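**Q** One structure coming up, written as structure tokens, with questions to follow.
The values are calculated or read from the model by the stated rules, or taken from the named source; none is laboratory data. Since the model is a prediction, treat every value here as computed from it, not as a measurement. Quick reminder, even Gly has a Cβ in these numbers, built from the backbone with ideal geometry, and neighbours come from all protein chains shown. Please note that ligands, DNA and RNA were not included when accessible areas were found on the heavy atoms of the full protein model with its side chains. Shrake-Rupley method; radii C 1.70, N 1.55, O 1.52, S 1.80 Å.
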Amino acid sequence: MNVKHTLHTFLKSAVETFAPPLSKSQFEEKRVLTPDEFVAAGDYLVHACPTWSWEGGDPKKRRSYFPPEKQFLVTRNVPCLRRAGEVEGGYNPNLEFAVEGGEAGEEGWVATHQDPSAAGGAGDGSSAGAGRGGAAQGRGGRGGGDEEDIPDLDDAAAGTAGRAGGAACGRGEGDIPDITDLELDEGEDEAAAPTGRTAAAAAVSSYLRSEEPADDNIVRTRTYDLYITYDQYYQVPRFWLVGFDESRQPLLPKQVLEDVSEEHARKTVTVDPHPHLGGGLCAASIHPCRHADVMKRLVDRLVEAGREFRVEQYLVLFLKFIASVVPTIQYDYTMSVGGE
């Protein structure tokens, strides 16, 4: 943890201790949330996706402006089969597109999958669906103008029959051995035609000798417990990741970063004490300093497109945005939002 981040954390904690939380809604102007709006958005998420649930956490760390049993949201045991660098051959800065442009002198957020608005793009814009059309085309077509390369079914059948007939006609009658010439000794006969019992025993023996697949062929699945808390300082949700290996042993911070897109891992992921869990647990989180700007841009786009967006849907859209940061952690972000 660098000095700048340490000082910022101290200042942030002091402000949250002495300053009251936001009480008047600024959702329409800034796309931020009051604690009451966060609870309403959380209730909507739990209803739309029951894998998420409310929890109270450590009683000593509860915020007085939230109901005791609704301090934060959590979903557990979310699978993560691959590392983020394995998605589409790894991080490619040429596939980035801006989600929103920062203020003067500041960098904006980017999505690390293919820009759906790019000319000739085949993706549908979601991190889960990018590239599906291209894969189907690669399997199904060889490109335009190659229809003559595809054999006609009737021709193929005729060719197969012709080859079979030619093979049969190529041998003369004299080449066909008479069955009376195929004499076997008694011992050879038993070896050539084993009894049913012998064949069954051989099959069982062969089955018992089958080898287990090599460990390299087994996919080691990581799992994550994901948390959404309310950040009083930035007045937006904050996303936390606590990862485990296949033996349910906690992942190190550097291992967690393997499941974050490379661009965001280098800029927006920090490791901080979890605000609601005891035991001094530190967890990786997507830093919320730019969340309000990104959410404002996304919500404004929906509204400009003529879609209705209510504050209760805030966390559903928030999770769609976070999916571009953790593209291989398979939580459900497919819920519709804004009249989709």
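**Q** Just give me the residues in the range 39-60 being more than 21 Å from Glu16 (Cα to Cα), open to solvent by less than 50 Å² (accessible area, probe 1.4 Å) and assigned to a loop (DSSP other than H, G, I, E, B), in sequence order.
**A** Cys49, Trp52 - these are the residues of the range 39-60 that are more than 21 Å from Glu16 (Cα to Cα), open to solvent by less than 50 Å² (accessible area, probe 1.4 Å) and assigned to a loop (DSSP other than H, G, I, E, B).
**Q** Can you tell which of Ser285, Ser336 is in contact with a His (Cβ under 9 Å, 6 or more places away or on another chain) and either open to solvent by 20 Å² or more (accessible area, probe 1.4 Å) or not in a loop (DSSP other than H, G, I, E, B) (or both)? Working first, answer last.
**A** Numbers: Ser336 fails: in contact with a His (Cβ under 9 Å, 6 or more places away or on another chain).
Residue meeting the stated conditions: Ser285.
**Q** Scanning the range 1-25 for residues that are aliphatic (A, V, I, L, M) and in a loop (DSSP other than H, G, I, E, B), which turns out most open to solvent (accessible area, probe 1.4 Å)? Talk me through it step by step, then tell me what you get.
**A** First, pick out the residues of the range 1-25 that are aliphatic (A, V, I, L, M): 1, 3, 7, 11, 14-15, 19, 22.
Among the residues that remain, those that are also in a loop (DSSP other than H, G, I, E, B) are: 1, 19, 22.
Numbers: Met1: 149, Ala19: 40, Leu22: 26 Å².
Filtering first and then ranking leaves Met1.
**Q** Take the conditions closer than 27 Å to Lys4 by Cβ, in a loop (DSSP other than H, G, I, E, B) and at pLDDT 90 or above and apply them to Leu257. Does it pass? It would help to see each step written out before you state the result.
**A** Numbers: closer than 27 Å to Lys4 by Cβ: yes; in a loop (DSSP other than H, G, I, E, B): no; at pLDDT 90 or above: yes.
Taking the combined requirement at face value, the residue does not satisfy it.
**Q** Now, a different point. Filter the range 26-38 down to the residues that are in contact (Cβ under 8 Å) with a residue 24 or more places away in the chain and open to solvent by 20 Å² or more (accessible area, probe 1.4 Å), then identify the one that is farthest from Asp293 (Cα to Cα). Break it down into steps so the answer makes sense when it comes.
**A** Filtering the range 26-38 down to residues in contact (Cβ under 8 Å) with a residue 24 or more places away in the chain leaves 26-27, 30-35, 37-38.
From what is left, the residues that are open to solvent by 20 Å² or more (accessible area, probe 1.4 Å) are 26, 30, 37.
Working: Gln26: 13, Lys30: 8, Glu37: 18 Å.
The extreme case among them is Glu37.
**Q** Right, Ser261: surrounded by 20 or more Cβ atoms within 10 Å (Cβ to Cβ), touching a residue at least 60 places away in the same chain (Cβ under 8 Å) and hydroxyl-bearing (Ser, Thr, Tyr) or not?
**A** Considered against the rule, which asks whether it is surrounded by 20 or more Cβ atoms within 10 Å (Cβ to Cβ), touching a residue at least 60 places away in the same chain (Cβ under 8 Å) and hydroxyl-bearing (Ser, Thr, Tyr), Ser261 comes out as yes.
**Q** In a strand (DSSP E or B) and open to solvent by 40 Å² or more (accessible area, probe 1.4 Å): which single residue out of Arg76, Arg63 fits that description?
**A** Arg76
**Q** If you take the residues of the range 288-328 that are under 20 Å from the mean Cα position of the chain (by Cα) and assigned to a helix (DSSP H, G or I), which of them is surrounded by the fewest Cβ atoms within 10 Å (Cβ to Cβ)? I'd like the intermediate steps shown before the answer.
**A** Restricting attention to the range 288-328, the residues satisfying the condition of being under 20 Å from the mean Cα position of the chain (by Cα) are 315-328.
Cutting the leftovers down to assigned to a helix (DSSP H, G or I) gives us 315-322.
Numbers: Leu315: 27, Val316: 21, Leu317: 21, Phe318: 24, Leu319: 23, Lys320: 18, Phe321: 20, Ile322: 24.
The extreme case among them is Lys320.
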